[in-house]
Amino acid sequence: MTDSTKNKIVIAIDGYSSCGKSTVAKEIAKKLNYIFIDSGAMYRAVALYCLRAGLVVDGQINLKALLENLGKIQISFVFNPSTAHNDVCLNGENVEQEIRQLAVAQNVSQIAAIASVRQLLVAQQQQMGRSKGIVMDGRDIGTVVFPQAELKIFMTADAKIRAQRRYDEMIAKNEPVDFEEILKNITERDRFDETREESPLRKAADAIVLDNSLMTREEQFEWILGKAQEKVMRYEL
Ligand code: DC
């Protein structure tokens with residue numbers, strides 16, 4: 001163990017889409033003074049690249065063209081002082097806002113199912129966690145990216161509750177949305193993420209389940225923080 005990794009742990013938060021993983025992961029990272037990485041943002045940035053480059057035709061990704069273009073896709077993070085978090089960049093351009101659009105959400109699952117895309121991003125994610133002190137959320141963090149993570153949380157919530165939360169968020173931002181469309185997108189993404197061949201969404205055997213259907217943000221935060229503190233204390237002994 002090096003000095004920089006001493007007493008620091010890796011926290012892997014996996015789970016279904018729109019469960020609030022990133023929101024709580026960010027808060028935990030801030031509290032522990034850890035790095036927070038939203039791995040979904042990386043897949044979304046690749047999806048945005050594909051949409052912009054016209055690699056998605058009639059809702060289908062042109063796999064051959066994507067594989068030819070993979071070397072041209074650079075994903076990085078830049079610290080945003082106004083939010084105190086890392087924004088994702090696509091070839092140097094901050095795309096943190098653009099990757100949240102519905103068009104990206106509708107196409108990202110098929111792109112995240114491509115083995116070469118996953119290999120590229122997983123290698124970067126592992127590199128980011130080499131000094132520990134990181135909270136990363138996604139679908140395969142506890143199973144593939146950091147199978148040795150000291151704390152693994154698997155988050156879930158009722159699909160209708162997740163859709164309602166996402167709907168309220170978008171309405172608050174004055175974005176025109178339809179509840180049924182959001183619910184359909186969420187359930188389709190869940191099914192796709194769970195049934196894909198490459199690193200399907202699945203609870204790691206040693207992950208702790210957090211069903212937040214009836215929990216407030218504060219309750220989720222306290223619950224995860226408690227688990228993290230227990231682990232950190234154990235590693236300090
Ligand atoms: O968490 P999110 O909704 O921003 O994720 C976007 C998509 O990327 C979603 O379809 C699942 C996929 N994803 C993944 O396959 N593996 C990850 N580690 C993170 C996200």
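Bear in mind these aren't lab numbers, they're just calculated from the coordinates by the rules spelled out. The shown structure was predicted, so the numbers you read here are calculated from the model rather than taken from an experiment. Reconstructed Cβ throughout: ideal geometry from the backbone, glycine too, with neighbour counts over all protein chains shown.
Summary of computed values
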| item | result |
| --- | --- |
| Sorted by Cβ neighbour density within 10 Å, fewest at the top, the residues LEU225, LEU90 | LEU225, LEU90 |
| Computed magnitude of the charge dipole of the chain (debye, nearest 20; Cβ of K, R +1, Cβ of D, E -1) | 520 |
| Relative contact order computed over the chain (Cα-Cα under 8 Å; 6+ residues apart), in percent | 33 |
| In nm, spacing of pseudo-spin labels at VAL209 and LYS231 (7 Å Cα→C-beta vector) | 1.9 |
| Region 122-226: trypsin sites (Lys or Arg not before Pro) in DSSP coil with no more than 13 other Cβ atoms inside 10 Å | ARG130, LYS173 |
| Helix-derived mean residue ellipticity, 222 nm - over the chain, DSSP H n ≥ 4, -39500 (n - 2.57), to 500 | -14500 deg cm²/dmol |
| Normalised contact order of region 119-237, rounded percent, pairs of Cα under 8 Å and 6 or more residues apart | 34 |
| Dimensions (Å) - the chain, Cα atoms, principal axes, largest first | 56, 39, 37 |
| Theoretical FRET efficiency, 1/(1+(r/R0)^6), r = Cβ-Cβ of GLU169 and GLU222, R0 25 Å, to 0.05 | 0.70 |
| Shape of region 85-142, Cα gyration tensor, a/c cut at 1.5 | oblate |
| Relative contact order (percent, whole number), region 80-180, Cα cutoff 8 Å, 6+ residue spacing | 10 |
| Euclidean distance between Cα centres, region 74-106 to region 1-61, Å | 11 |
| Overall form of region 159-237 per C-alpha gyration tensor (a/c, 1.5; a/b vs b/c) | oblate |
| Compactness of region 13-79 - radius of gyration and Dmax, Cα, Å | 15.2, 45 |
| Computed lengthening from ARG100 to GLU188, 0.36 nm per intervening residue step minus Cα-Cα distance | 30.0 nm |
| Dipole of region 1-87, positive end: most advanced residue of ASN62, PHE79, TYR16 [Cβ charges, Cα centre] | PHE79 |
| Ranked CYS89, CYS19, CYS50, criterion: other C-beta atoms within 10 Å, fewest first | CYS89, CYS50, CYS19 |
| Lys pairs under 27 Å by Cα in region 6-86, provided they are eight or more residues apart or on distinct chains | 11 |
| Shape of region 63-203, Cα gyration tensor, a/c cut at 1.5 | rounded |
| Hull shadow area, averaged, region 1-128 [alpha-carbon convex hull, nm²] | 8.8 |
